[in-house]
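Below is one structure, written out as structure tokens, with a few remarks after it.
The values are calculated or read from the model by the stated rules, or taken from the named source; none is laboratory data. Nothing here was measured: the structure is a model prediction, and the numbers come from that model. Reconstructed Cβ throughout: ideal geometry from the backbone, glycine too, with neighbour counts over all protein chains shown. All accessible areas refer to the heavy atoms of the entire protein, side chains included, with ligands and DNA or RNA removed. Shrake-Rupley method; radii C 1.70, N 1.55, O 1.52, S 1.80 Å.
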Amino acid sequence: MSRRPCPAVTPPPAWAFPEVADHVLPSGLRVRCVDLPGQHVVSVRVAVPLTLTAEPRDREGVALVMARTLDEGTRAHDAEQMAQRIEGAGIALGAGVGERGLVVELEVPGSSFPEALGLLAECLVDPVFPEPEVARHVRSRLTDIAHERADAGSRAALEFIGSYYDATDRAARPAGGSADTVGAVSATDVRAFHAAHVHPDRAFVVVAGDVNGMPGAPADLVDRALGRWSATQGQRRPGASSGARAPDAGRVVLVDRPGAAQTELYLGRPGPDRRTPHGWGAFQVLAFLLGGSPQARIDAVLREGLGYTYGIRAGFRPRRSGGLCVVSGAVRADATVEAVAALQEVLSFTGDDLTDDEVRHAADFVAKTAPGRYATSDAVADQVVRLGLDGLDVDTVTSTVEQVRTLDRSRVAAAWDEVRAGPAWTLVVVGDATLHAEGLATTGFGEVTVVRG
Amino acid sequence: MSLTYPVATRTLDNGLRVVVSEDHLVPRVSLNMWVEVGSRHESPGRTGLAHLFEHLMFEGSAQVAEGEHFRALQGHGGHANATTSFDRTTYLSSMPTGALELALWLESDRHTDLLPAVTQSNLDNQRDVVLEEKRERYDNHPYGDAFQRMCRLVFPDGHPYRHTPIGDMTDLRAATLQDVHRFYLDHYGPSTTVLTMVGDVHPDEAFELAERYFGDAADRTVPRMPATDPLPPAGGVNETVVDDVPSERVYACFRLPAVTDRDFLVATVALDVLAGLAVSSLHQRLVRREESVSGCGAGAMGLVDGTSLGYLVADVEDGHSGAEVDAAVCEELQVLARRGPGDQQVRAALAQTERSYLEALAGTDERAELLSRAASTHGDACYVNAHHDLVRGVTAEDVARVAGRWLTPESRTVLSYRAGPGASDAGRGR
């Protein structure tokens, strides 16, 4: 067939994050609604800003067990009845905890939205945490923990937090607790944690989706369901972990897996939080040009050039204060040392080495894909929650995209140089120690400590 | 509520099926190129080619330099990906409306004029990448090879679904540049492809663009292979894998009807009723009451060529045995066939299926994939709307009937994993 010239592209129109309508209920609870026409599944989130440092040290993981047993029985309905009502209404209900707090997530077809809110309220306000259900979830968490340790990727992430963070910091231990602390959690612990921390003080609700045809305004429906959830203002105490880095974090930790089919790599060093003076957008651009596609700096060499990997990703993980720069992926077992050396070389570039072209390309990608990242109700709701728990509003998304649109090379260079000037990488390797320990010591990532797989 | 996603279709003279669905929520378009070639079209000794091809399609084409496909799209706010399955390979991209024409140009170039760019060095490099993909996704995970094993247990020797899309690494290493070129010419062409556009585009404009970029593409594909006879329900030889796994796990695997058969949909509901829900029989009995498993689930893979695959899975708690769990599974299978599901179970299974389906349709990327699938597999893109009504029409009687035919103890094959020293085959283990 005939060959045609490459067609011209017209630039996309200006974009802003979908509008959020705020309501404060008489109880003080803030409800944030986003109308997204055509999104038939409504996403509801309840964000409760509790901190994991509030868990008793010997019961770490109690917050997650509590989150997972919210729907396992209430004053009015037992666990089986709750399951019938939730599943029968087409609801997907989940809950998790992290550094910033508890987030309860609910997805429901719009037609069942009012019913879903009633069930959500029951789970939040009236749970009874029956002993057998708590015991079952504790066992299930212990199984999960065993599976996480067996999986090379999760094992690397677990070893990383223990190696990178200061041993006295909560962040050095898994958010969901460890086998010994989870195993000690009882229904009494769960009830006590719920009573002390799950209340609406500084909590907020997000509703995103097509709200057309609902039997009332979403905020009114939330008020009807959750208006009785009460709080004493000012109940929450500060005390989040600071995410302090261990003084000896600049080293290699090798988790021994004899005969591993691949070697898992996980590198991290200090990175920014969302309030960084460089602008968060500069780091989004860096993440993409480092490890966001097969043509990014890392995979251009390790995947497309050397065929060592299916893909290595890079990104920045903001905490409430400070954060991490993380690079992770799996490489060919018999090329482990070569791959680490190649990665070391790729990551050793300075801000000056960045080209205008690659910065512009990455910035265009980040800015122009934004509308697509926030085009479904769950993605919108998640972003409102993520920012809200960081004390930021959604105009941050719009202004970050604006920043990226006009970002120049020097801003990104300065952002990268700040990461480079900071403390060194912590490198966790999950692979065969007999084969790789000696070679890894020569790659410039510091001394190698071998731990059992 | 019945679904009313707009669907416009046209077939070009060369056989290319074009599907368009407007949605103006954001100024972007999702583009899906669904090519009717997957692992089942591969010849013995040449497995893994369909998937290797998915990789080579990003390495440049006649007018597009290596790496430029991604680069050109990304610079304008687009992204691209691809997946390979048993029946098809799909190329998905999404971009701002103003870059749609660029994306079609890129697709046209690689779907009609790829071979000038498929060189020995690209082939060698992407073969290495695929080997790492296999190790990452299948070899280096506990239970990571379960799906491959299930296919070998359920489908007999010589059946097109017996091997999975990742293929045999020996075959991949043996593939020559000539094999690869032949595969493209045999399978990639307008008559084997569905082009779907979803988003901020009017059908008239979309059809005109499809004509402009694909209208003069010649079709050189070989005739599609004849359909394979459907396999009857039947259990095979059970397999126990002793490996370095964190807990004992039991899969009960089943043959199911082809994805185009309504009974496949009913079977997925039956599997949910058995193990896919908190109110499912196995969850209530084994997780809640007997506490012999820490969790259970169900899955199904709808396939075109006569027979699909379904399974139940349970993680066995310490102090209990896989045999005990399997015995309970058999009892529950018999109960379901004999007494039928509980009303609450059917209500929950249908409501959950309905919500999952609506969630899948929420994003334009996945909606485009489902429209392509509807056009290719069901012969009608409008099936995307109709499927929703079909789900709602499933009854308890349907579930009992289908369970009684396809999900019986006799028709199951058991795959179990037990913790033990060492890997059970070469290259496996951690």
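A Förster radius of 45 Å combined with the Cβ-Cβ distance from A:Val451 to A:Ser230 puts the calculated FRET efficiency at roughly 0.40.
Using only atoms on other chains, find how many Cβ atoms lie within 10 Å of each Cβ of peptide B:289-300 and report the average. Before the final figure, lay out each step's value.
Values: counts 1, 0, 4, 0, 2, 10, 3, 0, 0, 0, 0, 0.
Taking the mean over all residues of the peptide, I get 2.
Excluding A:Val412 itself, what net charge comes from residues whose Cβ is under 15 Å from its Cβ, given Lys and Arg +1 and Asp and Glu -1? Spell out each step's value before the answer.
Working: positive: A:Arg297, A:Arg360, A:Arg405, A:Arg409, A:Arg411, A:Arg420; negative: A:Asp352, A:Asp353, A:Asp356, A:Asp357, A:Glu358, A:Asp364, A:Asp408, A:Asp417, A:Glu418.
Charge balance in the 15 Å sphere: -3.
Across chain B, the mean sequence separation of Cα contacts (distance under 8 Å, 6 or more residues apart), normalised by length, yields a relative contact order of 22 percent.
Mind telling me which of B:Met197, B:Met301, B:Met150 comes out most flexible in a GNM of chain B, alpha-carbon contacts under 10 Å? In the Gaussian network model the winner is B:Met301. Under 18 Å from a point placed 7 Å out from the Cα of B:Asp186 along the Cα-to-Cβ direction: which residues of segment B:214-247 have their backbone N that close? Under cut-off, by backbone N: B:219-228.
In this view, the solvent-accessible surface of B:Cys296, computed with a 1.4 Å probe and all protein chains in place, comes to about 40 Å².
Label reach from A:Arg317 (point 7 Å along Cα→C-beta): in segment A:254-290, amide nitrogens under 12 Å belong to A:266-271.
Projected label points at A:Thr398 and B:Asp389, each 7 Å from Cα along the beta carbon direction, are separated by 4.2 nanometres. Panel note: contact residues of segment B:339-363 (accessible area lowered by at least 40 Å² against the chain on its own; 1.4 Å probe) correspond to B:Gln344, B:Arg347, B:Gln352, B:Arg355, B:Leu358, B:Glu359, B:Ala362. Rounded to the nearest 20, the Cβ-based charge dipole of the protein assembly as shown about its Cα centre (Lys and Arg +1, Asp and Glu -1) stands at 1080 debye. So how far, in whole Å, is the C-alpha centre of segment A:420-453 from the one of segment B:324-374? Using only Cα atoms, the two centres lie 46 Å from each other. Reducing segment A:234-283 and segment A:357-378 to their Cα centroids gives an inter-centroid distance of 25 Å. Figure note: B:Cys382, A:Cys123 ranked by solvent-accessible area, largest first, 1.4 Å probe, ligands and nucleic acids not counted: B:Cys382, A:Cys123. Across B:Leu185, B:Leu282, B:Leu336, mean-square fluctuation computed from a Gaussian network of chain B (C-alpha pairs under 10 Å connected) peaks at B:Leu185.
Note on segment A:252-452: percent of Cα-Cα distances in each 10 Å bin, starting at 0 and stopping at the bin with the largest distance, equals 9, 33, 33, 19, 6, 0.
Computed over the Cα atoms of the protein assembly as shown, pair by distinct pair, the Kirkwood hydrodynamic radius stands at 28.8 angstrom. Quarter the surface of the alpha carbon convex hull of segment A:89-146 and you get the mean projected area, 5.3 square nanometres.
How big is the Rg/Rh ratio for segment B:17-164, C-alpha atoms only, Rh by Kirkwood, two decimals? Could the numbers behind the result be given before it?
On the way: Rg = 17.2 Å, Rh = 17.0 Å.
Dividing the radius of gyration by the Kirkwood radius yields 1.01.
Note on B:Arg137 and B:Met301: their simple-model spin labels are 1.0 nm apart, each label 7 Å out from Cα toward Cβ. Residues B:Glu354, A:Glu105, ordered by accessible area of protein heavy atoms at a 1.4 angstrom probe radius and largest first, appear as A:Glu105, B:Glu354. Here the calculated FRET efficiency for B:Arg401 and B:His202, from their Cβ-Cβ distance with R0 = 41 Å, stands at 0.35, rounded to the nearest 0.05.
What is the sum of charges around B:Glu317, taking Lys and Arg as +1, Asp and Glu as -1, for the other residues whose C-beta is under 12 Å from the C-beta of B:Glu317?
Numbers: positive: A:Arg136, A:Arg139, B:Arg249; negative: B:Glu248, B:Glu290, B:Glu291, B:Asp315, B:Asp318, B:Glu324.
Around B:Glu317, the charge tally is -3.
Of the residues A:Asn212, A:Ala67, A:Ser348, the one whose Cα sits farthest toward the positive end of the charge dipole of chain A, with +1 on the Cβ of Lys and Arg and -1 on the Cβ of Asp and Glu, is A:Ser348. What you get for chain A, charging only the Cβ of Lys and Arg (+1) and of Asp and Glu (-1), is a dipole of about 400 debye around the Cα centre.
Here is how the number arises for chain A: DSSP H runs of 4 or more residues each give -39500 (n - 2.57), the sum is divided by the residue count, and the result at 222 nm is -12000 deg cm²/dmol. Take every pair of alpha-carbon atoms less than 8 Å apart whose residues are at least six positions apart; their mean separation over the length of segment B:239-419 yields a relative contact order of 37 percent.
Please list, by residue number, everything in segment B:34-64 whose backbone N is under 18 Å from a paramagnetic label point 7 Å out along Cα→Cβ of B:Ser121. Residues passing the 18 Å test: B:56-64.
Given a 1.4 Å probe and the protein chains as shown, B:Thr377 ends up with an accessible area of around 20 Å².
Taking the square roots of five times each eigenvalue of the Cα gyration tensor of segment B:41-93, the equivalent ellipsoid has semi-axes of 25, 13, 6 Å, listed largest first.
By a 1.4 Å probe calculation restricted to protein chains, A:Asp357 has an accessible surface near 110 Å², given to the nearest 10. Among the helices of chain B, those built from whole DSSP H runs whose Cα atoms reach 24 Å or more along their own axis and whose mean Kyte-Doolittle hydropathy is at least 0.0 are B:322-339.
Please say if chain A is rounded, prolate or oblate, where rounded means a/c under 1.5 for a ≥ b ≥ c the square roots of the C-alpha gyration tensor eigenvalues, and otherwise the choice is prolate for a/b larger than b/c and oblate otherwise? If you can, show how the numbers build up before the last one.
Values: a/c = 1.97, a/b = 1.29, b/c = 1.53.
Oblate.
Other residues lying with their Cβ under 13 Å from the Cβ of B:Leu104 contribute a combined charge of -3, Lys and Arg counting +1, Asp and Glu -1.
Segment A:158-187 and segment A:40-118 have Cα centres separated by 22 Å.
Given R0 = 56 Å, the distance between the Cβ atoms of A:Thr10 and B:Gln148 translates into a calculated FRET efficiency of 0.75.
How large is the Kirkwood hydrodynamic radius of segment B:239-419, counting all unique pairs of alpha carbons, in Å? Can you show the working numbers first?
Numbers: mean 1/r = 0.0591 Å⁻¹.
About 16.9 Å for segment B:239-419.
If you stretched the chain out fully between A:Ala135 and A:Ala424, how much longer would it get, using 0.36 nm times the residue separation minus the C-alpha to C-alpha distance? Don't jump to the answer; show the numbers that get you there.
On the way: separation 289, 0.36 × 289 = 104.04 nm, distance 4.24 nm.
99.8 nm is the gain from fully extending A:Ala135 to A:Ala424.
Between B:Ala275, B:Ala227, B:Ala117, the GNM of chain B built on Cα springs shorter than 10 angstrom shows B:Ala227 fluctuating the most.
In terms of accessible area, using a 1.4 Å probe and ignoring ligands and nucleic acids, B:Thr9, A:Thr434 rank largest first as A:Thr434, B:Thr9.
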